[in-house]
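The values are calculated or read from the model by the stated rules, or taken from the named source; none is laboratory data. Everything numeric in this text was worked out from a predicted model, so none of it was measured. Cβ atoms come from the backbone with ideal geometry, glycine included; neighbour counts cover every protein chain shown. Please note that ligands, DNA and RNA were not included when accessible areas were found on the heavy atoms of the full protein model with its side chains. Shrake-Rupley method; radii C 1.70, N 1.55, O 1.52, S 1.80 Å.
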Amino acid sequence: MAERAQYEELIRQFSAFGAVRRELGRILPSDCPSGSAAVLTLLGRHGAMRMSRLSELLAVDMSVTSRHVAHLAERGWIDRSADPADRRSRILHLTPAGLALLAELSERTSDLLADRLGDWSDDEVAQLIGLMARLRSSFDDSRTPHAPPPPPPPTLAPTTRTPATT
């Protein structure tokens with residue numbers, strides 16, 4: 001188990017992570033705030049779903065989800081159709097315009113990350129992905145107290161870096 005000082009440093013790092021989120025937010029189109037981008041991403045990853053499922057995945061209240069959905073539907077990026085299993089419910093799915101926007105957002109995000117992490121090795125990026133997935137899993141609401149943690153990412157030998165050119 002880590003020492004208390006390490007947890008305190010982790011808290012400082014979490015606070016500083018806001019700068020990363022803000023920069024990621026700056027690359028979004030002005031009419032697509034981060035909550036809307038999150039909805040598009042989840043629909044792209046998981047496919048059509050009910051608003052209740054989307055709310056669970058976003059981990060926000062249904063009223064917040066409803067506002068995001070209304071914003072996206074007004075712009076023609078998602079469509080709401082009747083659920084054949086329950087006509088009172090709606091199924092949300094991406095429209096062709098929503099798929100195009102999602103592809104654009106993915107390209108913008110990938111370009112930004114490639115630029116900022118250009119001096120990282122593939123192994124370092126893979127290690128970060130593994131550690132972030134493990135961290136998320138540690139906070140997952142569905143995790144039972146006795147569930148084994150995911151395996152740790154492979155330990156990497158230090159790499160020699162050359163200064164990035166600008």
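Counting only residues that are touching a helix residue (DSSP H, G or I) at 6+ places or on another chain (Cβ under 7 Å), surrounded by fewer than 13 Cβ atoms within 10 Å (Cβ to Cβ) and of a type in the set (A, V, I, L, M, F, W, C), how many does the stretch 63-81 have?
Residues flagged as touching a helix residue (DSSP H, G or I) at 6+ places or on another chain (Cβ under 7 Å), surrounded by fewer than 13 Cβ atoms within 10 Å (Cβ to Cβ) and of a type in the set (A, V, I, L, M, F, W, C) within the stretch 63-81 amount to 0.
Which of the residues spanning the stretch 3-60 are more than 13 Å from the chain's Cα centre (by Cα), open to solvent by less than 40 Å² (accessible area, probe 1.4 Å) and over 20 Å from Leu113 (Cα atoms)?
Answer for the stretch 3-60, where residues must be more than 13 Å from the chain's Cα centre (by Cα), open to solvent by less than 40 Å² (accessible area, probe 1.4 Å) and over 20 Å from Leu113 (Cα atoms): Gly47, Met49, Leu54, Ser55.
Taking the stretch 17-28 on its own, how many of its residues are among the hydrophobic types (A, V, I, L, M, F, W, C) and either in contact with a helix residue (DSSP H, G or I) (Cβ under 7 Å, 6 or more places away or on another chain) or farther than 30 Å from Leu72 by Cα (or both)?
Total satisfying the criteria: 3.
For the stretch 85-109, give me the residue count where each residue is at pLDDT 95 or above and not in a helix (DSSP H, G or I).
5
Filter the stretch 82-135 for residues that are open to solvent by 70 Å² or more (accessible area, probe 1.4 Å) and within 20 Å of Arg50 (Cα to Cα) and give the result.
Matches in the stretch 82-135: Pro84, Ala85, Arg87, Arg88, Arg90, Pro96, Leu99.
Take the conditions more than 26 Å from Pro96 (Cβ to Cβ), out of contact with any strand residue (DSSP E or B) (no Cβ under 6 Å at 6 or more places or on another chain), modelled with pLDDT under 95 and among the polar types (S, T, N, Q) and apply them to Ser34. Does it pass?
no
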